[in-house]
Structures are given as structure tokens and as C-alpha cells.
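Read through the structure below, which is laid out as C-alpha cells, and then see the notes.
Where a number appears in this text, it was derived from the coordinates with a stated rule and is not lab data. Keep in mind it's a predicted model, so treat the numbers as computed, not measured. Neighbour counts run over all protein chains shown; Cβ positions are idealised from the backbone, glycine included.
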């Protein structure tokens, strides 16, 4: 958390600084960890931390979304959701084509199972608190929350049937 705040204080991305820090720690642990039981313990710890952070994040979404959710933003949010899915499919296709070719159904499954907007919510809440005059930040927050909600509902409810069909 301190790294995030330091990066923000010097006007660089706290998110990127934290991700880079995590990558460095992972690399160092990967080189240093030779014992399997230590790796299993560390993985178990991170599983608990991940679930805890997601629970807190979705609790915040539930608390904040009631203030911004409205049918007037639904069409914008749905259009962004569709665009987001197409861009994600394109990125997964191009990346896997270069690194490890996959069949089309697997491209779609990986794209569909992608992130549901937790980082978007975090960033938009961070930016909203720092919004400047003249910027319609409430509209951006409302559309972002609505897009994330659409993504959560549609993708979360459909991933199991889609994966069963593709992985038969």
C-alpha cells in the first residue's frame, strides 16, 4: 500500500508501480523457493487474500452502485460491454496466435472468462475522488458501474454453460 501512495504522490501510476512490485517479488520468490511445502503455503495464503479482496471490492460495488445505476445509462454501458468483449477477443486471438495457437472456441472461452471490471471500479472510484471541475465524472462513474454490472451478470451466469459446451 505504501508503494501505491508513494507512486501517486510523485504523479506516476500507483497501480502500475504495485503490479511491477508484485512481479519483482514473484520473480524473486520463484528463484528462491525450492521447497514445495513453502510454495503450497504461499499459494494458500494468496488464495485467501484474493477472495478477501474480491469480497471487499464487490461489497463496495454493491454499496456505491445504488447511487449511480440508472436505465438512462444502460444503452451506453451495453455498447461498451459489447465493444469490450470484441476487443478482448481480438487481444486474446492476437496474443495466442503469436505465443500459443489455439482453436476458435478456446479463444472465445478465454475471452469470455476474462476480468469482470474490478480494476475498472477501483480506478473509477480513485479518479472520481480526484475529479476536476467541468468534467462529468458522475456520468463516467455511472456508465462504468453499469458496464461492470452487465459484465458480472451476463458473463458470470453464462461461463459455466459455455465452458461445458466448449470443453466436452
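What the table below lists for this structure:
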{"read-out": "Relative contact order %, the stretch 47-168, counting alpha carbon pairs below 8 Å whose residues are six or more apart", "value": "39 percent"}
{"read-out": "Most to least packed among 90-100, 138-148 [average Cβ atoms within 10 Å]", "value": "138-148, 90-100"}
{"read-out": "Exposure proxy order (Cβ contacts within 10 Å, fewest to most) of 164, 88, 39", "value": "164, 39, 88"}
{"read-out": "MRE, 222 nm, helices only [DSSP H, n ≥ 4, -39500 (n - 2.57), over the chain, to nearest 500]", "value": "-28000 deg cm²/dmol"}
{"read-out": "4 °C / 1.567 mPa s Stokes-Einstein diffusion coefficient of the chain, Kirkwood radius on C-alpha pairs, µm²/s", "value": "69 µm²/s"}
